[in-house]
Amino acid sequence: MTLTSLSWGHHVKMSSLVAYDDSDSEDDAVHQTDGAASDSVHTGSCPENADVRVCNFSEVTPGPQSFTPEPDCAVLDNHGNFSDGKGSYLQVQERKFYSDQTAQERHFKVHAAPGKSSSPQTVPHVMQSFGAGLKPAKRHETTPIGVRPYIPKRQRLATSVETTNSECHTDKVQGNPTKESQILSEASARVKSYLSHKPGAAGVPRRLLMSLGGHQGPVNTVQWCPVPHLSHLMLSASMDKTFKVWDAAESGRCLRVYSCHSGAVRDACWTPCGRHLLTGSFDNTAVITDVETGQQVVKLDNQFKVMCVVLHPSNPQVFLCGGYSSVVKAWDSRSCKVVNVYKAGIQQTLDILFLRGGADFITSSDCVSRDSADRTLIAWDFQTTAKISNQIYHERYTCPSLALHPLEESFVAQTNGNYIAVFSSQQPYRMNKRRRYEGHKVEGYAVRCEFSLDGTILASGSSTGSAHFYDYHNARTLHTLCAHSQPCLCVSQHPVLPATVATCDWAGEIKVWH
């Protein structure tokens, strides 16, 4: 064994530092294998005052010599003992560990002591050579017990992808259902039989198909997936801080529970592709969530409790948020920035409705007065943020929800006067005073109304717990369904299955009717 001297103002001799004449170049990788030797620091005889300071930068388990490093730094004197002495020292800093299929390598950086000149070298776990012209020698060692090897991020991601692909392949081979097949699968057998047929006239449901329980608070809204072959999926949002996706057309199973909010989920909707969900909550945030993974794609802080969220009809990357604030914000989900602010001078926004094409939209507020309903419904220009009209509705009732007719140039507003009013969606947005839909009650609840896909039936919930179905053209009551014992907040009509609706109530119950 050759003893190497290093001149840093002192001569340091260490029996474990060996230089070989046939060593590889400094650029060669240093490998460690399983047939390793000790992980401890070996020292030989050192001249007087030639102490070595070893800094404990990582959790290294002692090797066979079984020493215990000091918490920060310890001085290794010429007798092989740690002490608090002063003098020249080297800092041995663990750089990283990484894992390989055949071996595990460990790297250290060696720096000269403060005030001493030295160039850093990359050496194995124990310094093998010092001095000019000497090269680090190969040494076979094992990873110390209790030390987890560092795996680079790219290797971790590659391993994760391979594992996921392997699991998916195994599930397909064994016939096990994966998340993909559970949520965004092919159409259910019940829906599939209707996809090839031309939609007929909408019908009215008569009997209960299934009852879905699981929410621990009022369910504010239920909504079927807008993609026809995925329309067996239904979204529900609740005041229990969760929203869920169900197979509500056939099995009635809850496919996934999403807990992205720390407050009540007040509103929720599908994106047009059916792969993401937009939700607004009383925790002041609006979140876009991936249906499959449940991961948050976008989370935006509105700085007010969100009552309603709505996607732009021609640009789904842009959406509006309204709530307990005097303003409505338009967000771009790609840049996560506010693109427009609409200042209404009100206390809160109850609902938002885009008109056809998305150039204009209507907001409903809680602003009423004794002699006028100024700003109860406000029409806005989306691009310029200008108010087009704020004198649309002239009665002293607030309007908790709005709905656009799928075919005609009209929209409806649910009112706290226990009726639904009809308006033209063309300027100046006049109300039809000769047609209104009565028979249900609102009584301060956020009761929603909705059209059937062909626009012939208008459905509404009621504070009495029933679901009401009206003929849109003559305002005649078609059927009243005794759905719930608590206030029925939403009635959602299926876009493919005829005479199939979902209802939800203040007690957290969801029912599917056909």
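The values are calculated or read from the model by the stated rules, or taken from the named source; none is laboratory data. Note that the structure is a prediction, hence the values are computed from the model and not measured. Here Cβ is always computed from backbone atoms with ideal geometry, including for glycine, and neighbour counts include all displayed protein chains.
Would you tally the residues in the stretch 378-401 being under 22 Å from A446 (Cβ atoms) and within 33 Å of the chain's Cα centre (by Cα)? Matching residues across the stretch 378-401 total 6.
One residue alone among G294, G274, G345 is under 18 Å from H261 (Cα atoms) and assigned by TED's automatic domain parsing to the domain that holds S259, and that residue is G294.
Of the strands (runs of 3 or more DSSP E) entirely within the stretch 274-321, those holding at least 3 residues that are at pLDDT 95 or above and farther than 19 Å from T363 by Cα occupy 285-290, 296-301.
Among all residues of the stretch 264-280, there is none that is acidic (D, E), over 20 Å from F451 (Cα atoms) and out of contact with any Pro (no Cβ under 6 Å at 6 or more places or on another chain). For the stretch 269-290, the set of residues classified as touching a His at 6+ places or on another chain (Cβ under 9 Å) and of a type in the set (D, E, K, R) consists of D283, D290, listed by residue number.
The set of residues in the stretch 418-456 being crowded, with 20+ Cβ neighbours inside 10 Å and out of contact with any strand residue (DSSP E or B) (no Cβ under 7 Å at 6 or more places or on another chain) is empty.
Restricting the stretch 377-396 to residues that are in a loop (DSSP other than H, G, I, E, B) and modelled with pLDDT of 90 or more, the residue that is farthest from C449 (Cα to Cα) is T384.
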